[in-house]
Amino acid sequence: MKWFSGSPRDRTKPAADIGVPPLSKWERRASALIAFGGAAVGGLGFYASFDAVSAKAVEWGFDEPWVLPTVIDSAIPVFTGAYLLLIRMGMGLAWRG
C-alpha cells in the first residue's frame, strides 16, 4: 500500500537543483497578500458565524456556547496547515494515493 504521494525532497540539494524554482520578488509579495487575504476572509467568516453557532449551541444545551464556534473555526486553519505540511514533506493523504 502506498502511504505517500511521492518521495520526500532531498534536503541535501538546493531547491533550484531539483527543479523547484525560487519565488520571484513579485511572487513572494503575492504570497504575502494571499496569506493576508486568507486571514481576513477567515476572520470575517468567524465573526459572521460566531453568534449563529453560539445560539445553536445554547439550544443544544452547551454550558459554554462560545467553545463550539471557536473550535470549529480554529480547526480549519490548523488542519489546512497540517495538510500543507504533509504535502511539503512529500506525503499525501492515504485515501488520495
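Each value in this text was obtained by applying a stated rule to the coordinates, not by laboratory testing. Owing to the predicted nature of the structure, the values given are computational and were not obtained by experimental measurement. No Cβ is skipped: glycine too gets one built from the backbone with ideal geometry, and neighbour counts run over all protein chains shown.
Observations on the model:
- Dimensionless Rg ratio for region 29-97, taking C-alpha atoms and the 2.2 N^0.38 Å reference: 1.44
- Each label was represented as a point 7 Å from its Cα along the Cα-to-Cβ direction; for TRP66 and SER24 these points are 4.7 nm apart.
- FRET efficiency for ARG88 and VAL58, using Cβ-Cβ distance with R0 set to 35 Å, rounded to 0.05: 0.30
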